[in-house]
Amino acid sequence: ITQHIFGGIANQIDVIRSSTPTQWMAYTYTVIYKHQDVGGDVPSLTFVPTASSLLGQGASATVIETVQGTSIRGTFQLRFVGEITRPINHDASAEDVQDALNQLTSIAPSAVVVTRTA
């Protein structure tokens, strides 16, 4: 799946197969989207029978979404010595957060330097 969806970039998802088959010799696969670039409620995987190499009478696959994805939206504010920043977008750059903090009079004349790792 990683190769087809994420261009072969590792650590985007985990695919786990059940350790034992069902009485019908079927396995359950759990797909966990885990990288920060895979956010929100991603489209469900689909089974394409014409592209399948499943064999046997009635061979099929079923896709079930057990946990719906979420995405972060909106704004947040930071408080320092009783003063609150303007609303900051959820996806703000380090520069945006730094600018909002440095506008607080409780921080002046010092300057805050903000870095972002992800």
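I'd like to check one number: the per residue accessible area of the chain, probe 1.4 Å, reported in Å² as a whole number.
I get 81 Å² per residue for this part.
Taking the Cβ of Val31 as the centre, find all other residues whose Cβ is under 14 Å away and add up their charges (Lys, Arg: +1; Asp, Glu: -1).
That sum, taken over residues with Cβ under 14 Å, equals -1.
If amide hydrogens are placed 1.01 Å from N in the peptide plane, which non-local residues have theirs closer than 5 Å to the one on Ile13?
Lys34
Nothing charged except the Cβ atoms of Lys and Arg (+1) and of Asp and Glu (-1): what's the magnitude of the dipole of the chain about its Cα centre? Round to the nearest 20 debye. Don't skip to the end; give the middle numbers.
Numbers: 6 positive and 9 negative charges, 49 e Å.
In debye, rounded to 20, the chain gives about 240.
Work out the charge dipole of the chain with +1 on the Cβ of Lys and Arg and -1 on the Cβ of Asp and Glu about the Cα centre, then indicate which of Ser60, Pro21, Ile72 is farthest towards its positive end.
The residue sitting farthest along the positive end of the dipole is Pro21.
Calculate log10 I(q)/I(0) of the chain for q = 0.18, 0.23 Å⁻¹, where I(q) comes from the Debye formula with a single equal point scatterer on each Cα and nothing for solvent.
After summing over all Cα pairs, the log10 values are -1.04, -1.34.
Report, by chain and number, residues whose modeled amide H sits under 5 Å from the one on Val42, excluding near sequence neighbours (fewer than 5 apart, same chain).
Sorted by chain and number, the residues that satisfy this are Gly69.
In whole Hz and in residue order, list the ³J(HN,Hα) couplings for the range 14-23 that follow from phi through the Karplus curve 6.51 cos²θ - 1.76 cosθ + 1.60, θ = phi - 60°; x for Gly and Pro.
10, 10, 10, 9, 4, 6, 10, x, 6, 5
Counting only protein heavy atoms and a 1.4 Å probe, tell me what percentage of the range 13-118's accessible area is made up of carbon and sulfur.
C and S fraction of accessible area: 53 percent.
The values are calculated or read from the model by the stated rules, or taken from the named source; none is laboratory data. Just so you know, these numbers come straight off a predicted model, no measurement behind them. Cβ coordinates were reconstructed from backbone atoms using ideal geometry, including for glycine residues, and neighbour counts include every protein chain displayed. Protein only, heavy atoms only, side chains kept; ligands, DNA and RNA dropped before computing areas. Shrake-Rupley method; radii C 1.70, N 1.55, O 1.52, S 1.80 Å.
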